[in-house]
Amino acid sequence: MNLRIISANLVVRLTSFYREKTTMFFTIAFPIILILLFGTIFMSQDNVGYHLCVQDLDQTTSSTQSVKTLELNGEFKITRVDPAVNATQYVRDSKVNLVLVIPKGYEESLMQRVMLNDSNAAVTITYIYDPSSSSVATKMAILNSVLAGINQGMSGEPPFLRSVEKSILTRKYRFIEFFVPGIIAVSAMTLSLFSTVDSDTELRQKGIIRKLSTTPITRTDWLLSSILYQFILAVVSTITMLLVSYAVFSVNLHIDFWLPFFILLDVFAFVGIGMILTRFVKEAQSAAAAANSISLPMMFLSGSFFPIELMPGFLQKFAHVLPLYYVNEGLRASMVFVDNLAALKDSAAIGVFAAVVFILGIFATKWEEGA
Amino acid sequence: MTNEAEHIIEVEYLTKRYGELLAVNGISFTVRKGEVFAFLGPNGAGKTTTVEIIETIRTPTSGNVRLLGMDVTKKKRDIVPRIGVLPQGFNSFDRITVRETLQYYSRLFCRGKADIDGLIELVNLKDKTREQYKNLSGGLKQRLGIAIALVNDPEVVFLDEPTTGLDPVARREVWEVLLGLKEKGKTVFLTTHYMEEAELLADAVAIISRGKIIAMGSPRELIENNAKYLLLTLQSTDEKICTVVRNMGFEPVHANHKNIKVRVAQTDDVLEILNGIKGAGASFLSVDVRKPNLEEVFLQLTGEALRAAPPATVAT
């Protein structure tokens, strides 16, 4: 290992990067776009409110009061539907996914139950819904819980089973704060993987690797300078993302030595994978496709964008063999939960993986024989 | 035991096989210190494979190759700092300037005090030092490649087809640089398929065809030993000339509607042909008689080799 050679290589690669304005723009802009896009989505999820259409066929004081109760629940933004229209047709025509219909005779039945204590007096609320909508089931579940609460209140008895929420965190975190570490992990992965595959394939195709093999630079010098280069880019990208996250979303994240350490392990792992891929990718044109085949499953199955608990059981098990999963978990352990022990365990998992693929990558990199 | 002062490169029975393909077939030659050695051959003859084995980039299948007195398969680390290489189809980093590129390669050789300005002057790139590589023309890129090959002040310089793909002006510019190297007394190993280049620059020439060396010597020796004839060229638009020459028992080696080329053994044959043409009432515009050049020798030799060699033996 020759530090002078490594630094010479690093200078050339950073200079090339600096002068390639398009690459530089996308390296910095891509993670910012992701943060802003997903951050905005998740910020609004923290204060989620569903749109609910209500058709009050009873048009009495009691039915109006019940609609107001739904509104005051805070989960729904109510749109009133004219009692004269056909609710089913309304769902079809207005592209809404649910209309709650309060039947005629609502107040009369309510009076019978409350005043006359007639337990046979009951009202059927109808949900007219579009089953193809993904959010309709959630809406109906919330409505059922509200109706159950009203029924329980009308019984006059205190509930037997109560529940209380206790977070394991010392303070309330927003989804964006879980999301930012995931994006940092994804960003370092894509930078390392794509840059290694793209640039090494191009340099090999152009014969630059062959020229370098006639100089004293060794394969190890070359690979270490690549790692250092990717690490610097990943750190720049991470700092940019954190600054945007703090400025736009006022995130509250804990930053310590684990952050650069996990970025370094992330870079090592995916530069290693990139080097192995480069061994098999002959043309620069197929390099991006090869890198995508690795990065896309990692992005969507390792819990970077959404919790793996939302995935089917077998995919959850699969997530545990993905290296990016341990980077995500490790970064969240250190930045969100401030749990050093968990971070240590995750760093060990990704560290072992990175070491193995990096060594395989060194052997896979063809340096002599014209590379 | 190698006498390094005499032979900087020694190749003995070198063979390189890629699966079933025999790229280099048991060749042997030596290169003396301070000479420009041209390795000539058509595309796919085995030139680049041979030079890359000597440069330590490839490993031979069999045979011995010694460079600067060292075995190329065992002493790569010792050899590399002492040689300079311009590989075939040389390329460099697109966004790096001429000066930065030279500084980069100089640092790879750990030569902090390399004479970058001297190299820039040598290859005549003084007004291009701040130009990025991607903006250079083909000729300028090759000149930069030659400067890079010299950045470590090497004892041997390998130039693999340094003028391929260049226009005639750019080619002549590169030749100027190579003549400068020759004047400096550098040992240069030049592979090319341009005979004119070898004739102009080389002290010694080896001609390789289908992985085998078919002739070796100085350009003058090769011409004298392999082309004992004169080349008569007649410029004419008279179609009768070709028939007249054939009827006189001379077979044209090249004929079209403008030129006819005939190999003749002696000057008397020239007079005989000219008199014959005059007697037949045919006319010509001009006449040129000269000794054959290396190109004609090469065509003659490789033509014979192609006819003699079995078709299964093919070089890269």
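Looking at (1) without any contact (Cβ under 8 Å) to a residue 24 or more places away in the chain; (2) within 14 Å of chain A (Cβ to nearest Cβ), can you tell me which one residue B:53 breaks?
The one condition residue B:53 does not meet is (1).
Report, by residue number, each residue of region B:89-104 that is under 26 Å from the mean Cα position of the chain (by Cα) and at pLDDT 85 or above.
Kept after step one, since they are under 26 Å from the mean Cα position of the chain (by Cα), are these residues of region B:89-104: B:89-92, B:102.
B:90, B:91, B:92, B:102, listed by residue number.
For region A:1-36, which positions are farther than 25 Å from residue A:221 by Cβ and among the hydroxyl-bearing types (Ser, Thr, Tyr)?
Once the filter is applied, which keeps residues that are farther than 25 Å from residue A:221 by Cβ and among the hydroxyl-bearing types (Ser, Thr, Tyr), region A:1-36 yields only A:22.
Looking for something in contact with a helix residue (DSSP H, G or I) (Cβ under 8 Å, 6 or more places away or on another chain), within 14 Å of residue B:292 (Cβ to Cβ) and in a strand (DSSP E or B) - is there at least one such residue anywhere in region B:242-262?
yes
Of all helices (runs of 4 or more DSSP H) completely enclosed by region A:1-103, which ones contain at least 1 residues that are in contact (Cβ under 8 Å) with a residue 12 or more places away in the chain and more than 14 Å from chain B (Cβ to nearest Cβ)? Write out each step before concluding.
Values: elements: A:3-19, A:21-46, A:61-72, A:87-94.
Result: A:21-46, A:61-72, A:87-94.
Read through the list (1) among the aliphatic types (A, V, I, L, M); (2) surrounded by fewer than 22 Cβ atoms within 10 Å (Cβ to Cβ); (3) within 14 Å of another protein chain (Cβ to nearest Cβ), then give the number of the only condition that residue A:232 fails.
So residue A:232 meets the others, but not (3).
Within the set of pairs 6+ apart or on separate chains, which have a first residue in region A:200-213 that is facing chain B (nearest Cβ under 7 Å) and in a helix (DSSP H, G or I), a second that is surrounded by fewer than 21 Cβ atoms within 10 Å (Cβ to Cβ) and among the β-branched types (Val, Ile, Thr), and C-beta atoms under 8 Å apart?
Sorted first by the residue in region A:200-213, then by its partner, the list stays empty.
Residue A:300: touching a residue at least 40 places away in the same chain (Cβ under 8 Å) and under 27 Å from residue A:235 (Cβ atoms), yes or no?
On the way: touching a residue at least 40 places away in the same chain (Cβ under 8 Å): no; under 27 Å from residue A:235 (Cβ atoms): yes.
Against the criterion (touching a residue at least 40 places away in the same chain (Cβ under 8 Å) and under 27 Å from residue A:235 (Cβ atoms)), residue A:300 does not qualify.
Identify all residues within region A:350-371 that are part of a helix (DSSP H, G or I), of a type outside the set (Val, Ile, Thr) and without any contact (Cβ under 8 Å) to a residue 24 or more places away in the chain; write none if there are none.
In the first step, residues of region A:350-371 are kept if they are part of a helix (DSSP H, G or I); the result is A:350-364.
Filter again for of a type outside the set (Val, Ile, Thr), leaving A:351, A:353-355, A:358, A:360-361, A:363-364.
Once the filter is applied, which keeps residues that are part of a helix (DSSP H, G or I), of a type outside the set (Val, Ile, Thr) and without any contact (Cβ under 8 Å) to a residue 24 or more places away in the chain, region A:350-371 yields only A:363.
Does region B:59-84 hold any residues that are touching a residue at least 60 places away in the same chain (Cβ under 8 Å) and in contact with a Leu (Cβ under 8 Å, 6 or more places away or on another chain), and which are they?
First, the residues of region B:59-84 that are touching a residue at least 60 places away in the same chain (Cβ under 8 Å): B:66-69, B:81-84.
The answer is B:82, B:83, B:84.
Rundown of residues vs (1) crowded, with 19+ Cβ neighbours inside 10 Å; (2) over 30 Å from residue A:178 (Cβ atoms), yes/no style:
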residue: A:2; (1), (2): no, yes
residue: A:5; (1), (2): yes, yes
residue: A:11; (1), (2): no, yes
residue: A:21; (1), (2): no, yes
residue: A:50; (1), (2): no, no
residue: A:71; (1), (2): no, yes
residue: A:94; (1), (2): no, yes
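Hey, could you check region A:252-283 for residues that are more than 21 Å from the chain's Cα centre (by Cα) and assigned to a loop (DSSP other than H, G, I, E, B) and say which is nearest to residue A:362 (Cα to Cα)?
Looking at the filtered set, the residue picked out is A:281.
Taking region B:107-120, which residues are part of a loop (DSSP other than H, G, I, E, B) and more than 8 Å from chain A (Cβ to nearest Cβ)?
Quick first cut of region B:107-120, residues part of a loop (DSSP other than H, G, I, E, B) only: B:109-115.
Correct list: B:111, B:112, B:113, B:114, B:115.
Condition first: out of contact with any strand residue (DSSP E or B) (no Cβ under 9 Å at 6 or more places or on another chain) and not hydroxyl-bearing (Ser, Thr, Tyr). Now tell me which residues in region A:60-105 satisfy that.
A:65, A:72, A:73, A:74, A:84, A:86, A:89, A:92, A:93, A:95, A:104, A:105
Name the single residue, out of those in region A:340-371 being under 30 Å from residue B:86 (Cβ atoms) and away from chain B (no Cβ under 14 Å), that is modelled with the lowest pLDDT. Before you say what the answer is, go through the steps one by one.
At the first step, the residues of region A:340-371 found to be under 30 Å from residue B:86 (Cβ atoms) are A:361-371.
Filter once more, keeping what is away from chain B (no Cβ under 14 Å): A:361-365.
Details: A:361: 84, A:362: 81, A:363: 81, A:364: 80, A:365: 76.
Across region A:340-371, the extreme among qualifying residues is A:365.
Pick from A:286, A:245, A:295, A:237: which is part of a helix (DSSP H, G or I) and either aromatic (Phe, Trp, Tyr) or over 20 Å from the mean Cα position of the chain (by Cα) (or both)? Walk me through it before giving the result.
Values: A:245 fails: either aromatic (Phe, Trp, Tyr) or over 20 Å from the mean Cα position of the chain (by Cα) (or both); A:295 fails: either aromatic (Phe, Trp, Tyr) or over 20 Å from the mean Cα position of the chain (by Cα) (or both); A:237 fails: either aromatic (Phe, Trp, Tyr) or over 20 Å from the mean Cα position of the chain (by Cα) (or both).
That would be A:286, the only listed residue that is part of a helix (DSSP H, G or I) and either aromatic (Phe, Trp, Tyr) or over 20 Å from the mean Cα position of the chain (by Cα) (or both).
Against the conditions (1) in a helix (DSSP H, G or I); (2) more than 30 Å from residue A:175 (Cβ to Cβ), where does residue A:217 fall short? Just the number, please.
(1)
Go through (1) in contact with an Asp or Glu (Cβ under 9 Å, 6 or more places away or on another chain); (2) closer than 30 Å to residue A:64 by Cβ; (3) among the aromatic types (Phe, Trp, Tyr) for residue A:129 and report which single condition fails.
That leaves (1) as the condition not met.
(1) more than 29 Å from residue B:299 (Cα to Cα); (2) more than 14 Å from chain A (Cβ to nearest Cβ); (3) buried (at least 20 other Cβ atoms within 10 Å of the Cβ): which one isn't true of residue B:31, the others all being true?
Condition (1) is where residue B:31 drops out.
Mind checking which residues of region B:95-106 are over 14 Å from residue B:132 (Cα atoms) and either more than 7 Å from chain A (Cβ to nearest Cβ) or touching a Leu at 6+ places or on another chain (Cβ under 6 Å) (or both)? It would help to see each step written out before you state the result.
In the first step, residues of region B:95-106 are kept if they are over 14 Å from residue B:132 (Cα atoms); the result is B:105-106.
Passing the criteria: only B:106.
What is the residue count in region B:58-94 for residues that are touching a helix residue (DSSP H, G or I) at 6+ places or on another chain (Cβ under 8 Å), under 20 Å from residue B:144 (Cβ atoms) and either more than 12 Å from every other protein chain (Cβ to nearest Cβ) or buried (at least 17 other Cβ atoms within 10 Å of the Cβ) (or both)? First the steps, then the outcome.
Step one: of region B:58-94, the residues touching a helix residue (DSSP H, G or I) at 6+ places or on another chain (Cβ under 8 Å) are B:58-60, B:65, B:67-68, B:70, B:72, B:84-88, B:90-94.
Next, only the ones that are under 20 Å from residue B:144 (Cβ atoms) stay: B:84-88, B:90-94.
This time we only want the ones that are either more than 12 Å from every other protein chain (Cβ to nearest Cβ) or buried (at least 17 other Cβ atoms within 10 Å of the Cβ) (or both), so: B:84-88, B:90-93.
The total comes to 9.
Given (1) within 29 Å of residue A:17 (Cα to Cα); (2) more than 12 Å from chain A (Cβ to nearest Cβ); (3) aromatic (Phe, Trp, Tyr), where does residue B:133 come up short, assuming only one miss?
(2)
From the list B:98, B:24, B:80, B:85, exactly one residue is more than 26 Å from residue A:199 (Cα to Cα) and of a type outside the set (Asp, Glu). Which is it? Talk me through it step by step, then tell me what you get.
Working: B:98 fails: more than 26 Å from residue A:199 (Cα to Cα); B:80 fails: more than 26 Å from residue A:199 (Cα to Cα); B:85 fails: more than 26 Å from residue A:199 (Cα to Cα).
Selected residue: B:24, the only one of B:98, B:24, B:80, B:85 that is more than 26 Å from residue A:199 (Cα to Cα) and of a type outside the set (Asp, Glu).
The values are calculated or read from the model by the stated rules, or taken from the named source; none is laboratory data. In this text the structure is predicted, and so the values were computed from the model without any measurement. Cβ atoms come from the backbone with ideal geometry, glycine included; neighbour counts cover every protein chain shown.
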